[in-house]
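Any read-out appearing in this document is the output of simple, stated calculations on the displayed coordinates, not a laboratory observation. Since we're looking at a predicted model, the values are computed, not measured. Cβ: placed from backbone, ideal geometry, glycine included. Neighbour counts: every protein chain shown.
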Amino acid sequence: MTPSLTPIRGDELGAALGAFSEAVTTVDGVAPFNEETLLRPEARTGFVIDGEDAPLALALGHHLDDRSFEAELAVEPDARRAGLGRALVERLVEITGEQPLSVWAHGDLPGARALADRLGFTAVRTLYVLEKPLDGELPAPQPAAGTRIRAFDPATDADAWVALNARAFADHPEQGRLQRADLDARMQQSWFRANDFLVLVDEHERLIGYNWCKVIESDAGIDEAEIYVIGIDPDAARAGHGTALMRAGMQHLRARGADSVVLYVDGGNERAVSLYRRLGFVNRAVDVQYRN
């Protein structure tokens, strides 16, 4: 029987989106949708295959600047091996027509790789999830002369950070597009603390770099500590600022009580990957984007 696919906008799912994502994450060990999808579901459209009480399978995506369509999809663990994932991808291929379709496989799990191969999709992009224990000696940060590292001030730094982030990630298809509203949405999250957001400034208090740390806490303590995003003004590159900010972030997170730290980095950013490897980060997971 061909499954019934219903067109849907992300925000029409309400709380079911988070519950579906959590159920998949519990089994797979990796979230099926990225943070932007969960923060701004109204900007995502796609298809849902409904069960009696909750989605059985779900695909959500959006158009990129080049008019290609970028999607994420997942199947509820108990509903797998019934062709639901394939049905979602084939419907996305149908509606995108001549436009390219990209699909993220978070964790690049065997089932996702097999489906991509059967449907003729090719891996075009890799995102590494790296991890490092915060035990042993952590070298002290050594900011360059005329610079200092301090906490982010939402009242005075917000707009400057948006401009700096756009310069630092001018070639990045997601991070470089963030606007003030995107920053505000993240600052409203329960995990946000300005003291976890480190900025590097020069003698005139101009932002030239940052290391935004993210700490997820529960009653049991710290569930995960992350180098959420780190960026350097291109005009100030190759001056050791990245190393200083990374060291400052790791020391800050250990002082907060974290025993390890994770970060995400695009596999094509060889310079950043090399820095993180030198600092002792190793692979925890790999996300792969496939394109038809």
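Tabulated values for the structure
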quantity	calculated
Loop GluC sites (Glu not before Pro), the stretch 188-235 (other Cβ atoms within 10 Å of the site Cβ: 13 or fewer; DSSP)	E203, E205
Residues S260, S4 arranged by fewest to most Cβ contacts within 10 Å	S4, S260
Antiparallel bridge percentage (DSSP; both residues within the chain; nearest 5)	90 percent
Size-normalised alpha-carbon gyration radius of the stretch 187-292, reference 2.2 N^0.38 Å	1.15
Loop GluC sites (Glu not before Pro), the stretch 14-71 (other Cβ atoms within 10 Å of the site Cβ: 11 or fewer; DSSP)	E52
Convex hull (Cα only) mean projected area of the stretch 6-120, reported in nm² to one decimal	6.8 nm²
Dimensions in Å of the stretch 147-218 - Rg and Dmax from alpha carbons	12.2, 39
Length-normalised contact order of the stretch 99-186 in % [C-alpha pairs under 8 Å, at least 6 apart]	14 percent
Gaussian network model of the chain, Cα within-10 Å springs - most flexible of A57, A194, A155	A155
Within a Gaussian network of the chain (alpha carbon springs, distance under 10 Å), most fluctuating of V75, V103, V27	V27
The chain: C-alpha pair distances exceeding 33 Å, %	27 percent
Cβ-based exposure ranking for S274, S102, in which fewest neighbours within 10 Å come first	S274, S102
Exposed trypsin sites (Lys or Arg not before Pro) absent: longest stretch of the chain, with sites in DSSP loops and at most 13 other Cβ within 10 Å deemed exposed	82-205
The chain - percent relative contact order, Cα under 8 Å, separation 6 or more	21 percent
³J(HN,Hα), Karplus 6.51/-1.76/1.60, whole Hz, each residue of the stretch 30-36, x for Gly, Pro	8, 6, x, 10, 7, 4, 4
Choice from P77, P143, P110 with maximal GNM fluctuation in the chain (Cα, 10 Å cutoff)	P110
